[in-house]
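Notes to accompany the following structure.
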Amino acid sequence: MEKELLNAGAAAPQYKRNGERKQYFDLLRIVASFAVVVLHVAANGWSAADVHSPAWNAMNLYDSIVRWGVPVFFMISGALFLKADKPISKMYSKYILRLVIAYLIWSLLYALIKFKPGNSIFSLLKNVYVGKYHMWFIPTLIGLYMITPLLRPIVAKPGGAAYFLVLSFIFGILLPQIASTAELFSESLGKHLATGVNKFRMSFVLGYSFYFVLGYYLDNIVLGKKLRTCLFILGPLGFIFTIAATFAVSRMKGEANELFYNYLTVNVMLEAVFVFIMFKSAFERRELGAKASSAASNLSKWSFGVYLLHPLIIIVLRKVGFYTDSFSHFVSIPVMSIIVYTVSMLISAILNKMPIVNKYVV
């Protein structure tokens, strides 16, 4: 299996439908945007809830099974941008500029909602700069777009993507997770291990560049039967581990602990790989009908707007007295998630019909 991973650098045959559009990317965007909505609905109040309560267990369950949402967004972007040879000038003038404008507009909106009489303009500007809790995704994506011209020659070389992923996994995911897990039991040991990892100064292969390259790699690799079976076994184990480990550590600490919620952990990575491969395997060679294809294309296009505005819908619902603590969290979280997602999608669809707004805001 290791040999298969390291030698799969050459591009695999591409199964494309409707011209150059890969429909499984559309479907992945749709489910990933819903996963992010579920995550933020479930996570609200998670840290303050009693870890022994049924409510917290429900939050942990739903939060754990959708941690893959954001990594999958990065993976889709990497699969698309690392393949296309776009000039650096176009990366900045079209893609990065759009993200910068969207960040400023939505951060200003959320900052104005938070602004209260008596607050200073400085506090308003600070909130615009910091952004709402979900807005971190945009600066991170901008950073990945900036280094895309540096990553393309690496992934284009046979074995280059696999080599990058091996280094990134070891120094950006595996060793840091070992150090942070060790710190749960011995603070000094954990810090010593983290210091040892940091001595390698492997900054270039750290962070979300791992998922960016991983998306490109998985999109192009032809998975053998053994590797596919292995991933389909490890994926569900990643979900189970996230739920169980977060439960165990939180009970041990007596308060909510998000160590295993980190996107850059082995368990969440396995979740993301499982979902990506599952959709690729199911839909890469299957052509949707005309109506289904059109619907998937539109929902995919509107998903970015869903990501940006869904916290606003959550705020509105809370103000009118409807939230997850209105009834059992095991039921209220999926129900509220569906409502938030549906309303967000409808508003995003409307905004996407507006000239200029559809280009720079959603």
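Before moving on, here are some points about what is shown:
- Segment 147-261, Cα convex hull volume normalised per residue, Å³: 120 Å³
- Simple label model, 7 Å out from Cα along Cβ direction - HIS52 to LEU124, nm: 4.7 nm
- Placing unit charges on the Cβ atoms only, positive for Lys and Arg and negative for Asp and Glu, gives the chain a dipole magnitude near 1140 debye about its Cα centre.
- Most fluctuating residue given options SER53, SER77, SER344, as computed from a GNM of the chain linking Cα atoms under 10 Å: SER53
- Mean Kyte hydropathy of 0.0 or more with a Cα span along the axis of at least 24 Å, helices from DSSP in the chain: 23-43, 97-114, 137-156, 225-253, 266-283, 290-319, 329-351
- Sorted by Cβ density within 10 Å, fewest first, the residues GLU271, GLU187: GLU187, GLU271
- Pair-distance distribution P(r) for the chain, from all Cα-Cα distances in 10 Å bins starting at 0: 5, 21, 33, 28, 12, 2, 0 percent.
- Amide N of segment 268-294 lying under 20 Å from the label point, which is placed 7 angstrom from the Cα of LEU184 along Cα→Cβ: 268-272
- Remark: segment 263-362 carries a charge dipole of roughly 340 debye about the Cα centre, counting +1 on each Lys and Arg Cβ and -1 on each Asp and Glu Cβ.
- Tail fraction, Cα-Cα pairs, segment 315-362, threshold 14 Å, whole percent: 60 percent
- Within segment 23-157, the proportion of Cα pairs with more than 23 Å between them is 52 percent.
- Selection of chymotrypsin sites (Phe, Trp or Tyr not before Pro), segment 158-211, meeting DSSP coil and at most 14 other Cβ within 10 Å: PHE200
- A DSSP coil position with no more than 15 other Cβ atoms inside 10 Å describes the following trypsin sites (Lys or Arg not before Pro) in segment 97-204: LYS199, ARG201.
Values in this text are rule-based calculations from the coordinates and carry no lab data. The structure displayed is predicted, hence computed values, not measured ones. Cβ: placed from backbone, ideal geometry, glycine included. Neighbour counts: every protein chain shown.
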